[in-house]
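Peer 1: Before I ask anything, here is the structure I am working with.
Just so you know, all these numbers are worked out from the coordinates, no wet-lab data involved. All values reported here derive from a predicted model rather than from experimental measurement. All Cβ positions, even for glycine, are placed from backbone atoms using ideal geometry, and neighbour counts span all protein chains on display.
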Amino acid sequence: MDNALIPQNAFSQLCRNQHNPIELVEIIKILDDIEKNGCNSKSEQYRIVSDFIDIVIISGGNYRNTGGIVQNIMECVNRLTHLQQLQLLPHFNGTQFAYMLHWILLQMQTRCLEDSSICIALVVCSRMFAIHLDECGSYFVKLFHTKNQGFSLYPYLCSNRDYRITISTVQFLNSILNGLKDVQLTKEQDELCVEIAKVLLRFFYFEEKFEAEHLSTYILYALQVLHKIVAFCKDFTAKHLSELLGISKACANFGTDAGLILPISQNIRMCQQALYHLVDENDLNINSEKTQASGGKTLKTHKPRAVAKNARPGDRNIALCSSQSPSTGKGMGVSESIRKSDSDFSESENIASKEFCERTQKSKIRLLAITLVGTVVRSVDRRIIFGFWHAVFPSGVSETRNDLLYIGRHDPNVRCRTAALQVSSQLLYGSKSFLHQAEFNPKRCPSTFIPFSTTLGFTLVAIYETLICILAVESSLPVLTQALKCTAVLVQATPLEHLENRLLKDMVCKVKPLVFHRDVAIQVSALMVMEFIIAIPKITFCIAEALGLPKKFIKLGHVNDTRIQVTVDEEVEGKEFAEFETTVRENIGNKLENNKVLQYSGKQKLRTNNMCKDKLWLLHRILDNLYKHNGIAAASVRIESLQVLIAMCGHFFLFSTHLSQICEALQESLHDILSDIRLYAARCIDSCVYQIGRHIEICGASQSVVQDFDHFWSRILPNIISHLRSDSNELPAIKVCLCDVLSNIGIVMFERFPHSTQINLVTFLSGISSDPTEDTIVRVASVRALAAYVLFPFLRNDLVFVENTANLTLHLAADSNLLVRIKAFWSLGNISDALIAKDSETKLPQEQISNELLYRLINESVNACSDNDKVRCNAVRTLGNLLRLLNEYHFIATNSHLNWHRLFAEAVAKLSDCIRSSSNAKVKWNSCYAVSNLVRNADVFSVTELKWQATLYSALCHVIVHHPNFKVRINATNAITSIKDRLHFGGYLEIFWIALLTAIEKSHNLDNYQEYNHRDSLQEQLCLAVAHIVRCSSNDDLPMLEKYLLQYLDTIRNTWVRVINRMVPEKAAPLLSCPIMLKQLLKHGNLNREQRSSVKTLLENLAM
């Protein structure tokens, strides 16, 4: 025995600790009494445990009478650990635990114990480790090592001596693995877990003799152990994915039929479109020819001949009817003790029905088989799991008995049905990109083969049909709730615009009664399904019809387009809904009366006749949930109702005619006592306001519609102001959301406010921004709203307002909170946009912001260029705009205390650094945009002593040629076209010309095909830059242009022609005028012979 299992000298220390030892028989009597009546005294409990340890020590030292004593002590230890599990006796301390484990394992190693005693010893160890989870990590490898050094329990896993021992060993293994859940496995522990898992896999993949009374118990614990190892060892899971899914399928219907037998598991291969070698390399080679011939299916779906082909008399292919194992003392059998020791899967000790216990155990096996798939899904890359969908979902061609949704529909156990639907949700989650490959039109399928996209479409339709059926017939509330959640995940991942209309209509009609269900969880889940249906970009005809949208609101698109466009018909607006808007409350009351729950045969039934034809029934239900006139709905229902309303806001026509009712509901929700409801109400208001602004911007609005918007704002604005007041004690998150509402007002609605309201709103937001007692995240949200107003033309010209907003923003630009800095520099970007727009509107002299403020703004932007990427992308944008405002007076002011030369040099250096070294593409293209703003300012080219052009221009050229992101290249090329004068190019015209020609050639080589959509735009911008340089070049530059053009002649000529043919004439004007300019130069220019030859070369290649 390995002495490392017990601390040094612990035995002698315990021997010296004598507590008036009593006889072993008396200890057993005392334990019986404690189990019946308990023990009130803590000191008495500790004394009993200590005395028992002493008895073990005394008896354990007597090696001459080991037969009966060891047997009785083992029974006594079994009773003691059982009482410890029931918390009727104190646990062993560290020393006692080590000694007891040492003593038990020593008896197993040195004594020839009976099988029943070995089983008891293993059960005792299992209970000890179940109580002392902190000891599991240190003993796991010592107890189950596979080396030929010292005693190990690993052989008991493979032993055919008595399968009760094997079961007890697996039970012990399950207990000790429970203690490894929250620790990082060592290399030795990981390797041992893999070896143990391989042993368990062999049981499922080979026919082995196993007594019927122990089969289900072994499978139960083997699946539990596999669960834990799959969660621990992700590499093992990926390597043996096929085997694990095969085991799950083999056990998924265990015990559902009286005569069912457990089939031999079979490897599940990836579908034919997946890469087989990913699995083949990881094959365990445990599938013999016999197991492959069995097909891995149950007898119900396989010919009896195929099963008999592999069957052997006495094998495990027998009817599954478990019975109690022989008694091992005190009337407790091994199987019974195993069930009692398992806290997760144990039943009450008072259950006397043997059939009930068997049925329950079989359902637990099915539950473990189902959840094993979920554990595998969490441990393996989702892209690999896609290749096994054919094994876990219905194919749509023929019904199988072991796919997850069949189990979710037909399994007799509620927990199994719920688990199957939950695992299905896990598999469907995040599969949007995969499901978008599905093809739902079988007529397009070739006659020679079925494409993968069509197969996937069949599977998807089958999933929908099964879920619709479950929603229609399921009576269990937990299963129904999980089915709705699974449907919600499926809808979110499915391209609904391509799905069959009948499926969507059927699904909405099945979900609609559940929106009115009396159970809160079902209501919330049903509303969640509707939220994801409405959240799609385009509402289809059948969805609009199922939602109860009036037909006059549904305008069909082109004849050859199966999708429809739903828009607002302003004329119908007044006629169809005038009467409805005045009676909305009565309609809601009537609908609730019509949809009351009826009781029939213990099942809930709803009147669904013509329910899908009710006008805007979903909006009615949402408003009723939010109104308080009929009592307050559950908080979760109101929150989900607000989320559905937010999704509706994405389709303006769904709520535009009901702004008055929606406004009333949002007002009530905004004053709710629960903060979560107030938060979602604020988010819903923000979505409504944003969609109102977009509708006005894109479609315009009639006078009547704008008046409705005015009415909405007149009612909602006072509520927003009251919640933003400093004395309102509102949560910062809600205040931030309400500030976002104010930032989305839009110029049209803001201008329609009375002047006094405009002034009060700006003043109020300025007060919040400057309040030092307010939370910084609220202050910056208020500044952001002011920065949105800065872009309004009538406020942009108010220099006092602009400077005040800039000063408020600067106070927050250096805040320690990253989110505050991000919003602050977004606001500074808006302010700088407003400043350059104001400067470019007129050539007349006008008031400028103060030099001190401009210096501070540039300095803060320069410092922010070293911040987080999300701050930098706005900081460089701001910096480029502000540098455009510099003029010659800033650089000649020698007596100024502001060092403009140093600041300008730092700014250019930061821009160059962001272009060259930043890893974020958005920072790079914003930096290039900033450079294009900088070079538009002719005054900065007077600063020649800093030699800033060398750094900046070389950075631009490097990006134009080498950067993998084409949008970055486009912005860098655009910066070149912003240099308007030949003098501003200086001596760098040649490197720009070489860079442009090289970039045109490299644009045809796509290393990343995700950039394909931007290639045409890049080539257009490159050709515009070529034309710009030709136009800006002097006569002396012409030979240089010809020299490098000849190296790329064919590529440039072909690209030039293709770009001109592709561009609209307005955009192609610079390219079309370039040959004209060259002809004029050839005709009237003062050119020498070499220059004239260069012009001819350029003219031949830069023309149509």
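Peer 1: Please give the length that would be gained between residue 41 and residue 938 if that part of the chain were fully extended, namely 0.36 nm times their separation in residues minus their C-alpha to C-alpha distance (nm, one decimal). Mind dumping the intermediate values first?
Peer 2: Values: separation 897, 0.36 × 897 = 322.92 nm, distance 9.33 nm.
Residue separation times 0.36 nm, minus the Cα-Cα distance, leaves 313.6 nm.
Peer 1: Suppose R0 equals 35 Å. What FRET efficiency, 1/(1 + (r/R0)^6) with r the Cβ-Cβ distance, do residue 432 and residue 615 give to the nearest 0.05?
Peer 2: 0.65
Peer 1: Starting from the Cα-Cα distance between residue 72 and residue 850, subtract it from 0.36 nm times their residue separation and give me the gain in nm to one decimal. Write down the numbers at each step before the final one.
Peer 2: Details: separation 778, 0.36 × 778 = 280.08 nm, distance 9.64 nm.
Length gained between residue 72 and residue 850: 270.4 nm.
Peer 1: Too long at a 18 Å Cα-Cα cut-off: which of 147/198; 980/1043; 187/234?
Peer 2: Values: 147/198 16 Å; 980/1043 23 Å; 187/234 13 Å.
Beyond 18 Å: 980/1043.
Peer 1: Set the Förster radius R0 to 35 Å, insert the Cβ-Cβ distance between residue 728 and residue 755 as r into 1/(1 + (r/R0)^6), and round the FRET efficiency to 0.05.
Peer 2: 0.85
Peer 1: For a protection proxy built on the mean count of beta-carbon atoms within 10 angstrom, sort 848-857, 362-371, 951-960, 228-237 highest first, please.
Peer 2: Result, highest mean Cβ count within 10 Å first: 362-371, 951-960, 228-237, 848-857.
Peer 1: Once both labels are modelled 7 Å past Cα along the beta-carbon direction, what's the residue 198-residue 441 spacing in nm?
Peer 2: For the pair residue 198/residue 441, the computed spacing is 5.3 nm.
Peer 1: Can you figure out the FRET efficiency of residue 800 with residue 632, using R₀ = 41 Å and their beta-carbon distance, to the nearest 0.05?
Peer 2: Working: r = 48 Å, r/R0 = 1.17.
For residue 800 and residue 632, the calculated efficiency is 0.30.
Peer 1: When the Karplus curve 6.51 cos²θ - 1.76 cosθ + 1.60 is applied with θ = phi - 60°, which whole-Hz ³J(HN,Hα) does each residue of segment 372-381 get, with x for Gly and Pro?
Peer 2: 4, 4, x, 5, 5, 4, 6, 9, 10, 4
Peer 1: Right, another one. Starting with the highest mean, order 71-83, 1079-1091, 141-153 by the number of other Cβ atoms within 10 Å, averaged over the residues of each peptide.
Peer 2: Working: 71-83: 21.6, 1079-1091: 12.4, 141-153: 15.1.
By packing density, highest mean first, the sequence is 71-83, 141-153, 1079-1091.
Peer 1: Cα gyration tensor of segment 785-886, axes a ≥ b ≥ c as square roots of the eigenvalues: rounded (a/c below 1.5), prolate (a/b > b/c) or oblate?
Peer 2: Values: a/c = 1.96, a/b = 1.63, b/c = 1.20.
Here segment 785-886 falls in the prolate category.
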